[in-house]
Amino acid sequence: MSASTETLLTTPLHALHLELGARMVPFAGYSMPVQYPAGLMAEHHHTRRAAGLFDVSHMGQLRLVGDGAAAAFETLMPVDVIGLAEGKQRYGLLLTDQGTIMDDLMFVNRGTDLFVIVNGACRAGDIAHIQEKIGARCAVLPMPDQALLALQGPQAITALSRLLTGLDKLVFMTGGHYIWEGADLFITRSGYTGEDGFEISIPPTHAEPFARALLA
(Lines give C-alpha, C1' and ligand atoms only; values in the text may rest on other atoms or scores of the structure.)
Protein backbone atom coordinates (compact mmCIF):
# COMPACT_ATOMS: atom_id res chain seq x y z
CA MET A 1 0.00 0.00 0.00
CA SER A 2 1.48 3.30 -1.05
CA ALA A 3 -1.12 5.46 0.68
CA SER A 4 -1.02 5.77 4.43
CA THR A 5 -4.19 5.57 6.48
CA GLU A 6 -3.59 9.14 7.65
CA THR A 7 -4.08 10.49 4.13
CA LEU A 8 -7.21 8.49 3.33
CA LEU A 9 -10.74 9.80 3.48
CA THR A 10 -13.35 7.86 5.44
CA THR A 11 -17.04 7.27 4.84
CA PRO A 12 -19.76 7.89 7.46
CA LEU A 13 -19.76 4.13 8.13
CA HIS A 14 -16.03 3.90 8.88
CA ALA A 15 -16.45 3.30 12.62
CA LEU A 16 -19.09 0.63 11.97
CA HIS A 17 -16.77 -1.19 9.56
CA LEU A 18 -14.06 -1.31 12.22
CA GLU A 19 -16.53 -2.44 14.88
CA LEU A 20 -17.62 -5.33 12.65
CA GLY A 21 -14.04 -6.45 12.08
CA ALA A 22 -13.59 -5.36 8.48
CA ARG A 23 -10.18 -5.49 6.83
CA MET A 24 -9.69 -1.97 5.50
CA VAL A 25 -7.71 -1.11 2.38
CA PRO A 26 -7.10 2.06 0.36
CA PHE A 27 -9.47 2.46 -2.58
CA ALA A 28 -10.21 5.58 -4.63
CA GLY A 29 -8.68 7.74 -1.90
CA TYR A 30 -10.79 6.20 0.86
CA SER A 31 -10.26 3.63 3.57
CA MET A 32 -12.72 0.96 2.46
CA PRO A 33 -13.65 -2.54 3.72
CA VAL A 34 -12.49 -5.38 1.48
CA GLN A 35 -13.84 -8.25 3.61
CA TYR A 36 -15.24 -9.20 7.01
CA PRO A 37 -14.33 -12.08 9.36
CA ALA A 38 -16.83 -14.54 7.81
CA GLY A 39 -14.87 -14.42 4.55
CA LEU A 40 -15.55 -13.53 0.93
CA MET A 41 -17.41 -16.71 0.00
CA ALA A 42 -19.81 -16.33 2.92
CA GLU A 43 -20.46 -12.71 1.92
CA HIS A 44 -21.01 -13.74 -1.70
CA HIS A 45 -23.46 -16.52 -0.85
CA HIS A 46 -25.35 -14.36 1.63
CA THR A 47 -25.88 -11.65 -0.99
CA ARG A 48 -27.01 -14.21 -3.59
CA ARG A 49 -29.35 -16.05 -1.22
CA ALA A 50 -30.55 -13.30 1.14
CA ALA A 51 -29.19 -9.72 1.06
CA GLY A 52 -25.88 -7.93 1.54
CA LEU A 53 -25.27 -4.34 2.57
CA PHE A 54 -22.51 -2.43 0.81
CA ASP A 55 -20.99 0.95 1.70
CA VAL A 56 -20.50 2.78 -1.61
CA SER A 57 -20.20 6.26 -0.14
CA HIS A 58 -16.90 6.77 -1.96
CA MET A 59 -18.82 7.12 -5.21
CA GLY A 60 -19.54 10.62 -6.52
CA GLN A 61 -23.04 12.03 -6.11
CA LEU A 62 -24.08 15.28 -7.75
CA ARG A 63 -27.14 17.25 -8.82
CA LEU A 64 -27.66 19.06 -12.11
CA VAL A 65 -30.19 21.86 -11.65
CA GLY A 66 -31.78 24.23 -14.13
CA ASP A 67 -34.15 24.29 -17.09
CA GLY A 68 -31.34 23.37 -19.46
CA ALA A 69 -29.81 20.59 -17.35
CA ALA A 70 -31.14 17.64 -19.37
CA ALA A 71 -30.19 19.14 -22.75
CA ALA A 72 -26.76 20.08 -21.44
CA PHE A 73 -26.06 16.68 -19.92
CA GLU A 74 -27.13 14.94 -23.12
CA THR A 75 -24.24 16.65 -24.94
CA LEU A 76 -21.83 14.59 -22.83
CA MET A 77 -23.38 11.14 -23.35
CA PRO A 78 -24.63 8.95 -26.23
CA VAL A 79 -27.97 8.34 -24.49
CA ASP A 80 -31.31 10.13 -24.26
CA VAL A 81 -31.50 12.44 -21.25
CA ILE A 82 -34.18 14.90 -22.41
CA GLY A 83 -36.75 12.14 -22.91
CA LEU A 84 -36.21 10.45 -19.54
CA ALA A 85 -39.47 10.50 -17.58
CA GLU A 86 -39.60 11.80 -14.02
CA GLY A 87 -38.72 9.11 -11.49
CA LYS A 88 -36.87 7.02 -14.08
CA GLN A 89 -33.19 6.05 -13.92
CA ARG A 90 -30.85 5.40 -16.84
CA TYR A 91 -27.34 4.04 -17.37
CA GLY A 92 -24.99 6.28 -19.34
CA LEU A 93 -21.43 6.73 -20.56
CA LEU A 94 -19.56 9.97 -19.95
CA LEU A 95 -17.54 10.89 -23.04
CA THR A 96 -14.53 13.04 -23.84
CA ASP A 97 -14.63 15.59 -26.67
CA GLN A 98 -13.15 12.89 -28.90
CA GLY A 99 -15.97 10.46 -28.09
CA THR A 100 -13.91 8.10 -25.95
CA ILE A 101 -15.35 6.80 -22.69
CA MET A 102 -14.29 8.47 -19.44
CA ASP A 103 -16.62 6.57 -17.10
CA ASP A 104 -20.01 4.92 -16.80
CA LEU A 105 -22.67 6.37 -14.53
CA MET A 106 -26.29 6.33 -13.43
CA PHE A 107 -28.67 9.28 -13.52
CA VAL A 108 -32.25 9.87 -12.41
CA ASN A 109 -34.76 12.51 -13.46
CA ARG A 110 -36.09 13.70 -10.10
CA GLY A 111 -38.25 16.44 -11.62
CA THR A 112 -36.47 19.32 -9.88
CA ASP A 113 -33.00 18.06 -10.82
CA LEU A 114 -30.96 15.29 -12.37
CA PHE A 115 -29.35 13.11 -9.71
CA VAL A 116 -26.09 11.61 -10.99
CA ILE A 117 -23.82 8.92 -9.49
CA VAL A 118 -20.31 8.42 -10.91
CA ASN A 119 -17.65 5.89 -9.94
CA GLY A 120 -15.40 6.64 -6.97
CA ALA A 121 -12.08 6.18 -8.74
CA CYS A 122 -13.09 8.68 -11.45
CA ARG A 123 -15.15 11.02 -9.28
CA ALA A 124 -12.93 14.11 -9.23
CA GLY A 125 -12.19 13.98 -12.96
CA ASP A 126 -15.80 13.28 -13.89
CA ILE A 127 -17.18 16.17 -11.85
CA ALA A 128 -14.51 18.55 -13.13
CA HIS A 129 -15.29 17.52 -16.72
CA ILE A 130 -19.04 17.98 -16.24
CA GLN A 131 -18.48 21.36 -14.59
CA GLU A 132 -16.18 22.53 -17.36
CA LYS A 133 -18.42 21.41 -20.22
CA ILE A 134 -21.92 22.32 -19.00
CA GLY A 135 -21.43 24.43 -15.85
CA ALA A 136 -22.46 27.55 -17.76
CA ARG A 137 -25.76 25.92 -18.80
CA CYS A 138 -26.89 24.48 -15.47
CA ALA A 139 -25.81 24.32 -11.84
CA VAL A 140 -23.45 21.42 -11.15
CA LEU A 141 -23.75 20.67 -7.43
CA PRO A 142 -21.52 17.93 -5.96
CA MET A 143 -22.69 16.18 -2.79
CA PRO A 144 -19.35 15.15 -1.23
CA ASP A 145 -20.70 14.45 2.26
CA GLN A 146 -23.75 12.41 1.27
CA ALA A 147 -23.56 8.71 2.11
CA LEU A 148 -24.57 5.98 -0.33
CA LEU A 149 -25.57 2.45 0.67
CA ALA A 150 -26.37 -0.48 -1.62
CA LEU A 151 -28.67 -3.21 -0.30
CA GLN A 152 -28.50 -6.10 -2.75
CA GLY A 153 -29.99 -9.59 -2.94
CA PRO A 154 -33.31 -11.40 -3.33
CA GLN A 155 -34.36 -10.49 0.22
CA ALA A 156 -33.41 -6.80 -0.10
CA ILE A 157 -37.04 -5.76 -0.48
CA THR A 158 -37.98 -7.71 2.66
CA ALA A 159 -35.25 -6.13 4.77
CA LEU A 160 -35.84 -2.57 3.55
CA SER A 161 -39.63 -2.85 3.89
CA ARG A 162 -39.17 -3.33 7.64
CA LEU A 163 -37.92 0.26 7.80
CA LEU A 164 -39.86 2.00 5.03
CA THR A 165 -43.28 1.75 3.38
CA GLY A 166 -44.23 2.31 -0.24
CA LEU A 167 -41.25 0.52 -1.74
CA ASP A 168 -43.55 -1.65 -3.87
CA LYS A 169 -44.03 1.29 -6.25
CA LEU A 170 -40.35 1.15 -7.16
CA VAL A 171 -39.54 -1.12 -10.08
CA PHE A 172 -36.14 -1.71 -11.66
CA MET A 173 -34.42 1.56 -12.65
CA THR A 174 -36.82 3.91 -10.88
CA GLY A 175 -36.32 6.09 -7.82
CA GLY A 176 -38.20 8.03 -5.20
CA HIS A 177 -37.96 10.11 -2.02
CA TYR A 178 -38.53 8.51 1.39
CA ILE A 179 -38.33 9.76 4.98
CA TRP A 180 -36.63 7.84 7.80
CA GLU A 181 -36.23 9.30 11.29
CA GLY A 182 -36.63 12.81 9.85
CA ALA A 183 -34.01 12.32 7.13
CA ASP A 184 -34.71 12.63 3.40
CA LEU A 185 -33.58 9.47 1.59
CA PHE A 186 -33.49 9.08 -2.17
CA ILE A 187 -33.74 5.42 -3.14
CA THR A 188 -33.39 3.75 -6.53
CA ARG A 189 -34.14 0.13 -7.33
CA SER A 190 -30.83 -0.64 -8.98
CA GLY A 191 -27.32 -1.94 -8.38
CA TYR A 192 -24.36 -3.72 -9.91
CA THR A 193 -24.65 -7.22 -8.42
CA GLY A 194 -27.19 -8.67 -10.87
CA GLU A 195 -29.60 -9.25 -7.98
CA ASP A 196 -32.66 -7.26 -6.99
CA GLY A 197 -31.60 -4.37 -4.81
CA PHE A 198 -31.63 -0.73 -3.85
CA GLU A 199 -29.18 2.15 -3.71
CA ILE A 200 -29.88 4.56 -0.88
CA SER A 201 -28.58 8.13 -0.80
CA ILE A 202 -28.75 9.33 2.80
CA PRO A 203 -27.39 12.24 4.88
CA PRO A 204 -24.16 11.32 6.72
CA THR A 205 -25.78 11.93 10.11
CA HIS A 206 -28.26 9.11 9.51
CA ALA A 207 -26.08 6.67 7.57
CA GLU A 208 -24.79 4.63 10.51
CA PRO A 209 -28.13 4.43 12.39
CA PHE A 210 -29.86 3.39 9.17
CA ALA A 211 -27.20 0.77 8.42
CA ARG A 212 -27.51 -0.62 11.95
CA ALA A 213 -31.30 -0.79 11.59
CA LEU A 214 -30.92 -2.75 8.34
CA LEU A 215 -28.36 -5.10 9.86
CA ALA A 216 -30.70 -5.76 12.78
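Annotations
- Sorting 82-92, 148-158 by average packing, meaning the other beta carbons within 10 Å per residue, from highest down gives 148-158, 82-92.
- The Gln131 and Ala213 beta-carbon pair, evaluated with R₀ = 25 Å, returns a calculated FRET efficiency of approximately 0.10.
- As a length-normalised measure over Cα pairs under 8 Å and 6 or more apart, the relative contact order of region 14-129 settles at 22 percent.
- Shown for region 23-85 is the translational diffusion coefficient from the Stokes-Einstein equation, using the Kirkwood radius over Cα pairs, a temperature of 10 °C and a viscosity of 1.306 mPa s: 103 µm²/s.
- When only Cα pairs below 8 angstrom with a gap of at least 6 residues are kept, region 101-216 shows a relative contact order of 23 percent.
- A 1.4 Å probe run over region 1-104, with the rest of the protein chains in place, finds 55 Å² accessible per residue.
- Relative contact order for the chain, counting Cα pairs under 8 Å that sit 6 or more residues apart, in percent: 21 percent
- Between Thr193 and Ala121, the C-beta separation translates, for a Förster distance of 22 Å, into a calculated FRET efficiency of about 0.75.
- Taking each residue as 0.36 nm, the span from Thr205 to Met143 lengthens on full extension beyond its C-alpha to C-alpha distance by 20.9 nm.
- Helix 123-134 axis versus longest C-alpha principal axis of the chain: approximately 20°, rounded to the nearest ten.
- Sulfur and carbon atoms: percent of accessible area, the chain [1.4 Å]: 56 percent
- For the chain, adding -39500 (n - 2.57) for each run of n ≥ 4 DSSP H residues and dividing by the number of residues yields -6500 deg cm²/dmol at 222 nm.
- The stretch between Leu20 and Tyr91, if pulled fully straight at 0.36 nm per residue, gains 22.3 nm over its current Cα-Cα span.
- Convex hull volume of the C-alpha atoms in region 1-143, normalised per residue: 148 Å³.
The values are calculated or read from the model by the stated rules, or taken from the named source; none is laboratory data. These numbers were taken from a predicted model, which means no experiment stands behind them. With ideal geometry, Cβ positions are generated from the backbone for all residues, glycine too; neighbour counts draw on all protein chains shown. Keep in mind that these areas ignore ligands, DNA and RNA; they rest on the heavy atoms of the full protein, side chains included. Shrake-Rupley method; radii C 1.70, N 1.55, O 1.52, S 1.80 Å.
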